[in-house]
1. With a/c under 1.5 counting as rounded, go ahead and sort region A:116-223 into rounded, prolate or oblate using the C-alpha gyration tensor (a ≥ b ≥ c being the square roots of the eigenvalues; past the cut-off, prolate if a/b is larger than b/c, else oblate).
2. Could you rank B:Ser122, B:Ser421 by how accessible they are, 1.4 Å probe, largest area first?
3. For chain B, what is the relative contact order in percent, using Cα pairs closer than 8 Å and at least 6 residues apart in sequence?
4. What nm distance separates the two modelled labels at B:Arg393 and B:Val57, each placed 7 Å from Cα along Cα→Cβ?
5. Tell me, what ³J(HN,Hα) does each residue in region B:292-303 have, in order and in whole Hz, if you take phi through Karplus 6.51 cos²θ - 1.76 cosθ + 1.60 with θ = phi - 60° and put x for Gly and Pro?
6. Residues of region A:116-223: accessible area per residue at 1.4 Å, in Å²?
7. Hey, what's chain B come to in accessible area per residue, 1.4 Å probe, Å²?
8. What do you get for the angle between helix B:2-17 and the principal long axis of chain B? Use alpha-carbon atoms, 0 to 90 degrees, nearest ten.
Amino acid sequence: MKTSTTIARPTSVLRSLSFPVRGVAAVLLLAALVAGGCSSVNREPATARLPETPGAGTGTAGSSTAGSTGATTPERASGGLTEEEILAMPPGGGVSSEAIDPLTMDLADLNASGALRDVLFNFDSADLDGAARAILEANAAWLLRYPTVEILVEGHCDERGTVEYNLALGEERARSARDYLASLGVASDRMRTITYGKEFPLDPAHDEEAWRINRRAHLEIVAR
Amino acid sequence: MMLASLRRPLLALLAAAVLTAGFQAFSGTLPAWGASAPKTQAAGDWYLDITRPGAPVRIAIPDFRAAAPMGEAEPAAAVAMSDVIRDDISFAGVYRMLPPRFYRIAESGSAPGAIDYYQWESVGADILVEGVTDTGGDQLVVEVRLHAVRAQENVFARRYTAESGASRMLAHRIADDILLQAGNYQGVARTRIAFATNRRQERAKEIYLMDYDGHDQRPVTANGSLNLTPSWSPDGRALSYISYREGAPALYLAFLYQGRGEKLVGEHQSFTPAWSPDGQWIAFASNRDGQSEIYLAAADGSEVRRLTDHRAIDVAPTWAPNGRTLAFTSDRTGQPQIYAMDRDGLNLRRVSFEGMYNDSAAWSPSRSRSEIAYASRIERQPFDIVVHDFETRQTRQLTTGRGSNESPSWAPNGEHLVFTSNRTGGDQVFTMHRDGSNVRQLTRDGLNSTPRWGNPPADPP
């Protein structure tokens, strides 16, 4: 399966963090996944709040002496903890986390969280291939789990078609995605469609990779 | 004999003068013939009289003179007007402009204020245009005379009056009159072009207007959303376009001289409006019944009816000048191609057979030719502008090897096209002659799309 079919908004959030923070973020993500059992990967939104947490977490761990900051705080070295207490600490250095309910996030954060993923299309086509269906199935599962969410299905095109025809093609793509979601049980009155033709490319570059990710149906959450 | 053939176009002109917009025009030094002049074949006969078979007609337009200059400003303004007129006449491409260095030779041999026809004939001029400007208060008065050099005759004289701020539009009006009188040629100097541009905000497109030569670019919409695909009313006083200002794309009208707009067709999504030649109807595409289909609505938004019924995409209608036939784009064969149908949706036939992807058809408004322009992808290249001639069934390619060229629209006389091209970088608006020559770039800011060439604004009803 092509992993490249996602518009990786969550990973781009990770990428924008400094390197050590990124490592912690990845650990936290894993922790969140384990805590949530088989919950969907779409719990990633927690990453958006990460930068505040790492200081508190690493400070309590005995292993922090690897860095110079831990060693210069003597009261923490003695710490008041017995060896037993230190050994008894849960893995993860005492960090606990809980999944953030997506519906408590504001709309912009929720849309940026990657809860719903874009569907990509071939040139001059509104047909759904296997990868597109798989993404829509994941999107449908999420939508069925949060039945109050309403979405706007946006159809977009790459720059190689004409302005006029692309307006109609974008609408076909939006409708194609919406119809498949409906066939998976998402109520039609939760979904509206709109075409933006080739007016809003995700990537403004003029190459195959840009065109590929610009031929998309984007699911924008408009109410929750 | 000669005189008789000369007077006929003048009569037609005087009749036409009553109808002209914006400026008061009087007959100049010539006697005023009856107002009930027959509307004959305009200036065609006279045109034949000055034409030498096989030779281009050469026109001389020396700088206009300021009648009583108070300082530097008036002569400069007169020269500026002459520049505009020369540019308009050159754009039309029906005359060869005599190089200005010949003007001095001819003028130096003439007595001041007099026309020496022999001098002008010796430098090769067939037609001489003479102009004198005068300013009084906030009024600008221009007297123009047109001379047939070899016939040694002043065949056209007219005095124009305008507000002093309108000198450029006045010059355009004079140029169109010269073309009509001397060549029975319908000029486009007073026409304008509407287009969509993101020059103000990157993620918005507004509808803009400009003169046909790219001057005076100014916004029509300012709502910060997407506004696309304008279409002119035939009287040049209103535009129909789509706007996302309330979310989904809907049809709107903008009345240019009344400062008002209205939403025409709201529910569902609508795209690519096209105003009919008689002004009564607007054809457009909409998804109101599922797929994108072609619809027709009365110009007030009522009487919406559906013309196409196919699972494929149908979009981008354009009207034939007879108002009874429409062309549009459909991908019913798997690729976008141009089709035509009658106004009731019957008699469907395919128009384009060459190219892998054809869209944005524009039917020529010309009454003497039967042709249609569209953007065509030939092999896997970007788009080029092509013109299909219905009579010869030939398709000719007007642009080649210079960027992607899209969204053609005809000048009202069917002699020129406006289109977009990314040949200089971002999408910009260009014009060219219908044979692909005389390419001019009109815009340089932002990304620009869907230019549409309109008629000069008619007088208010």
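The values are calculated or read from the model by the stated rules, or taken from the named source; none is laboratory data. None of these values were measured; they are calculated from a predicted model. Positions of Cβ are backbone-derived with ideal geometry, glycine not excepted, and every protein chain shown enters the neighbour counts. Remember, those area values only see protein heavy atoms, side chains included, never the ligands or the DNA or RNA. Shrake-Rupley method; radii C 1.70, N 1.55, O 1.52, S 1.80 Å.
1. prolate
2. I get B:Ser122, B:Ser421, largest accessible area first.
3. Details: 1107 pairs, mean separation 45.2, N = 461.
That works out to 10 percent.
4. 3.6
5. Karplus values, whole Hz, x for Gly and Pro: 6, 10, 8, 10, 10, 10, 5, 5, 9, x, 8, 6.
6. Details: 3810 Å² over 108 residues.
That works out to 35 Å² for each residue.
7. Accessible area per residue: 42 Å².
8. Result, in degrees: 50.
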